[in-house]
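In what follows, a structure is listed as structure tokens, so that the remarks can point back to it.
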Amino acid sequence: MKKVILITGSSRGIGKAIAAEAHKEGYQVIVHGKTDSKELENTHRQLSGSIKTFFDIGNKEDVYKAIKNIISKTKRIDVLVNNAGVAKNFIADIREVDDSKALEEWQTNVLGSIHCIQAVITQMLENKTGSIINIASIKGYSNLATMSTFTFAQTKAAIVSMTKSLAKTYSPQGVRVNCVSPGYIETDQVKLWNEDTFKRINEGTLLGRMGTPKEIAGLILFLASDKASYITGSNFLVDGGYTLKGK
């Protein structure tokens, strides 16, 4: 029987790369987007046999309804990857924080992840097996905290803390919970950056470049697999050595 994996926010970027790698490895892949976008449909078509779903992870009722519908078709979800997230507040001074943007970040990044876990945990516990992988960020590390991503970073630090709390509670019952904190990755968002930003990041990374979504996906699929059966409650930093170089 194929293992079933749900990757939130998998219409593009890191999420799409995870979905593609999971498809190659023989998973029953569930691709997700907030809306039924062209990007989501394209990903669904490219991954033959995948299941497409769309719902707002920040809305608990929508999450429960959609995941219940998925489980009625697949009978189970073996792996949940909480990848969907948003960054809204980009500031230079705490007085610039926009409350509505900060709340959207928390609603999506933290509560959204919680909602998805709430919706899958019962059947994982019943089956006495499961793997939950939360995507945090390099910005969740205290030594890399900056004002520019002030409220976003807080949500990612919360994801790390949440991962450890969940691992302590559910690992003895067969459900492993881990976290991955990517550094600077080449996604659609970075296309908006200026040349100086690219230069600073590349010079500040030991490997001299940004990572690719596929490089994150490889670790995710390892953590999802039985090869990682003794790993739980861990946070994996994938940053090309950015934190060591100290830029």
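The values are calculated or read from the model by the stated rules, or taken from the named source; none is laboratory data. Everything numeric here is computed off the predicted structure, so don't read it as measured data. Positions of Cβ are backbone-derived with ideal geometry, glycine not excepted, and every protein chain shown enters the neighbour counts. Just the protein is used for accessible areas: all its heavy atoms, side chains included, with ligands, DNA and RNA removed. Shrake-Rupley method; radii C 1.70, N 1.55, O 1.52, S 1.80 Å.
Could you list, in sequence order, all residues of the stretch 173-224 that are closer than 28 Å to I117 by Cβ, among the basic types (K, R) and over 14 Å from the mean Cα position of the chain (by Cα)? Reasoning before the result, please.
Of all residues in the stretch 173-224, those closer than 28 Å to I117 by Cβ come to 173-185, 187-189, 211-224.
Next, only the ones that are among the basic types (K, R) stay: 176, 214.
Residue satisfying the conditions is R176 alone.
Go through the stretch 118-138 and give me each residue that's crowded, with 22+ Cβ neighbours inside 10 Å and outside any strand (DSSP E or B). Full working, then the answer.
Initial filter on the stretch 118-138 (crowded, with 22+ Cβ neighbours inside 10 Å): 119-120, 124, 130-137.
Passing the criteria: A119, V120, M124, A136, S137.
Output the number of the condition that I71 fails; it satisfies all remaining conditions of (1) in contact (Cβ under 8 Å) with a residue 12 or more places away in the chain; (2) of a type in the set (A, V, I, L, M, F, W, C); (3) under 29 Å from G140 (Cα atoms).
Against the list (1) in contact (Cβ under 8 Å) with a residue 12 or more places away in the chain; (2) of a type in the set (A, V, I, L, M, F, W, C); (3) under 29 Å from G140 (Cα atoms), I71 comes up short only on (3).
May I ask you to say which residue of T205, T187 is in contact with a Phe, Trp or Tyr (Cβ under 6 Å, 6 or more places away or on another chain) and open to solvent by less than 40 Å² (accessible area, probe 1.4 Å)? Show your work before the answer.
Details: T187 fails: in contact with a Phe, Trp or Tyr (Cβ under 6 Å, 6 or more places away or on another chain).
Result of the check over T205, T187: T205.
Any residue in the stretch 175-204 that is closer than 23 Å to A157 by Cβ and touching a residue at least 40 places away in the same chain (Cβ under 8 Å) sitting within a Cβ distance under 6 Å of a residue that is outside any helix (DSSP H, G or I) and among the basic types (K, R)? List the pairs, counting only those 6 or more apart or interchain.
G204/K247
With respect to G241, determine if the residue is free of Cβ contacts under 8 Å to residues at least 40 places away in the same chain and open to solvent by less than 30 Å² (accessible area, probe 1.4 Å). Lay out the reasoning, then the answer.
Working: free of Cβ contacts under 8 Å to residues at least 40 places away in the same chain: yes; open to solvent by less than 30 Å² (accessible area, probe 1.4 Å): yes.
Considered against the rule, which asks whether it is free of Cβ contacts under 8 Å to residues at least 40 places away in the same chain and open to solvent by less than 30 Å² (accessible area, probe 1.4 Å), G241 comes out as yes.
Let me confirm something: among T163, T146, T155, which residue is among the polar types (S, T, N, Q), in a helix (DSSP H, G or I) and out of contact with any strand residue (DSSP E or B) (no Cβ under 6 Å at 6 or more places or on another chain)?
Values: T163 fails: out of contact with any strand residue (DSSP E or B) (no Cβ under 6 Å at 6 or more places or on another chain); T146 fails: in a helix (DSSP H, G or I).
After ruling out the rest, the residue left standing is T155.
Would you be able to say whether some residue in the stretch 161-174 is closer than 23 Å to I94 by Cβ and modelled with pLDDT of 90 or more? Lay out the reasoning, then the answer.
Let us first name the residues in the stretch 161-174 that are closer than 23 Å to I94 by Cβ, namely 161.
Keeping just the survivors that are modelled with pLDDT of 90 or more gives 161.
Looking for residues that are closer than 23 Å to I94 by Cβ and modelled with pLDDT of 90 or more, one finds at least one in the stretch 161-174, hence yes.
Give the residue, chosen from L166, L103, that is among the aliphatic types (A, V, I, L, M), surrounded by 20 or more Cβ atoms within 10 Å (Cβ to Cβ) and farther than 27 Å from K245 by Cα.
Working: L103 fails: surrounded by 20 or more Cβ atoms within 10 Å (Cβ to Cβ).
Criteria check complete, one pass: L166.
Looking at L223 and the list (1) under 30 Å from I77 (Cα atoms); (2) in contact with a helix residue (DSSP H, G or I) (Cβ under 8 Å, 6 or more places away or on another chain); (3) aliphatic (A, V, I, L, M), which single condition is not satisfied?
All conditions pass for L223, except number (2).
Only one of (1) farther than 24 Å from S234 by Cβ; (2) crowded, with 18+ Cβ neighbours inside 10 Å fails for Y141. Which number is that?
Here Y141 meets the rest and fails (1).
Among residues belonging to the stretch 208-230 that are among the polar types (S, T, N, Q) and closer than 20 Å to S131 by Cα, point out the one that is most open to solvent (accessible area, probe 1.4 Å).
Applying the first criterion (among the polar types (S, T, N, Q)) to the stretch 208-230 yields 212, 225, 229.
Subsequent filtering for residues that are closer than 20 Å to S131 by Cα retains 225, 229.
On the way: S225: 20, S229: 82 Å².
Restricting to residues being among the polar types (S, T, N, Q) and closer than 20 Å to S131 by Cα, the top hit is S229.
Which one of these does A157 not meet: (1) at pLDDT below 90; (2) open to solvent by 10 Å² or more (accessible area, probe 1.4 Å); (3) aliphatic (A, V, I, L, M)?
(1)
Find the residue count for the stretch 167-181, including only residues that are out of contact with any Gly (no Cβ under 9 Å at 6 or more places or on another chain) and in a strand (DSSP E or B).
The qualifying residues number 1.
Exactly one of (1) among the polar types (S, T, N, Q); (2) closer than 17 Å to G112 by Cβ; (3) touching a residue at least 60 places away in the same chain (Cβ under 8 Å) is unmet by S161. Its number?
(3)
Go through I30, I71, I114 for me and flag whichever is hydrophobic (A, V, I, L, M, F, W, C) and under 18 Å from V180 (Cβ atoms).
Details: I30 fails: under 18 Å from V180 (Cβ atoms); I71 fails: under 18 Å from V180 (Cβ atoms).
When all the criteria are applied, what remains is I114.
Being within 25 Å of I185 (Cβ to Cβ), out of contact with any Cys (no Cβ under 9 Å at 6 or more places or on another chain) and among the charged types (D, E, K, R) narrows it down to one of K24, K65, so name that one.
Numbers: K65 fails: within 25 Å of I185 (Cβ to Cβ).
The match here is K24.
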